[in-house]
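The values are calculated or read from the model by the stated rules, or taken from the named source; none is laboratory data. In this text, all values refer to a predicted model and were calculated from it rather than measured experimentally. Don't worry about glycine lacking a Cβ; one is built from the backbone with ideal geometry, like all the others, and counts go over all protein chains shown. Heavy atoms of the whole protein, side chains included, go into the accessibility calculation; ligands, DNA and RNA do not. Shrake-Rupley method; radii C 1.70, N 1.55, O 1.52, S 1.80 Å.
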Amino acid sequence: MTIPVIAIDGPSASGKGTVAALAARALGFHYLDSGAIYRVTAHAAGNRGVDLADEAGLAELARGLELRFDGVEVYLDGQPVGDAIRTEEAGRAASRIAALPALRAALLELQRGFRKAPGLVTDGRDMGSVVFPDATVKVFLTASAEERAQRRYKQLIEKGFDANLAALVQDLRERDARDASRASAPLHQAADAHLLDTTALTIAQAVDRVLGWYRQA
Ligand code: C5P
């Protein structure tokens, strides 16, 4: 029997991570935040002096990454990375390296390794289109750029970071454009993905939709 996967893709700050984590908890499944892998790779590159444009160097670094997730905490080489990978700057660095095909290829097996019984809920940009093309349920989760900027703003303030709403809207638009226009695994709604626009939905409503699609599948 194949292990079920629920793949939730979508743009930055759409709430896909929150929805994915709650759906995983409801089903007793594992959860993988694939964006954290790109963020932590960029972070590791900074620590080890690998240039963010050095595609081969980044791919090599990615193949040797020692990563472990425990809830929302990510451990790199046994050490918790904490909120250092949650800043806007870390998101931009992740988005830059995510455009490099050799790096994406190097991270494929690492991501697929998280498919473990009884099941996996994962979120990212290409979970349904590239990493788990045979996912049981694929969801493309989105919300308006203004709504997403508001959510990201709240999140950053709650974490004690400085934030500026207008700059966030601008940053989200730029990141979306880069993620959607890159040649390698661009962000797009897969033909077999359910569209979930959460602009006017609560988190609980969004989670219910995902669980409903899973039950139907
Ligand atoms: O989702 P999050 O904002 O943490 O992702 C950070 C960046 O990592 C994204 O802007 C995107 O460029 C990249 N990413 C990706 N593919 C994924 C997950 C994230 O390219 N599956």
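Helical content alone sets the calculated 222 nm signal of the chain at -15000 deg cm²/dmol, taking -39,500 (n - 2.57) per DSSP H segment of four or more residues and averaging over every residue.
What FRET efficiency, computed as 1/(1 + (r/R0)^6) with R0 = 25 Å and r the Cβ-Cβ distance, is obtained for ALA166 and THR202, rounded to the nearest 0.05?
0.45
Each peptide in 35-46, 103-114, 65-76, 201-212 was scored by the mean count of other Cβ atoms within 10 Å over its residues; highest first, the order is 35-46, 103-114, 201-212, 65-76.
Globularity index of region 45-174 is 1.15 (Cα radius of gyration / 2.2 N^0.38 Å, N = number of residues). The residues of the chain have, on average, 47 Å² of accessible surface per residue, using a 1.4 Å probe with all protein chains present. For region 31-111, the orientation-averaged shadow of the C-alpha convex hull comes to 4.7 nm² (one quarter of the hull surface). When the accessible area of region 5-216 is computed with all protein chains present and a 1.4 Å probe, what percentage of it is carbon and sulfur? Taking all protein chains in place, region 5-216 shows 51 percent carbon and sulfur surface. For ALA183, project a label point 7 Å along Cα to C-beta. Then give me every residue of region 102-137 with its amide nitrogen under 13 Å of that point. Once the point is set 7 Å along Cα→Cβ of ALA183, 102 turn out to lie under 13 Å by backbone N, inside region 102-137.
Judged by the mean number of other Cβ atoms found within 10 Å, the most tightly packed of the peptides 131-142, 187-198 leads the ranking 131-142, 187-198. Near GLY119, the amide H atoms lying under 5 Å from its own belong to HIS30; only residues 5 or more places off or on other chains count, and H is placed 1.01 Å from N. Computed across the chain, the Kirkwood hydrodynamic radius from all distinct Cα-Cα pairs reaches 17.5 Å. A Cβ-based charge dipole, computed about the Cα centre of region 5-216 with Lys and Arg at +1 and Asp and Glu at -1, lands at about 380 debye.
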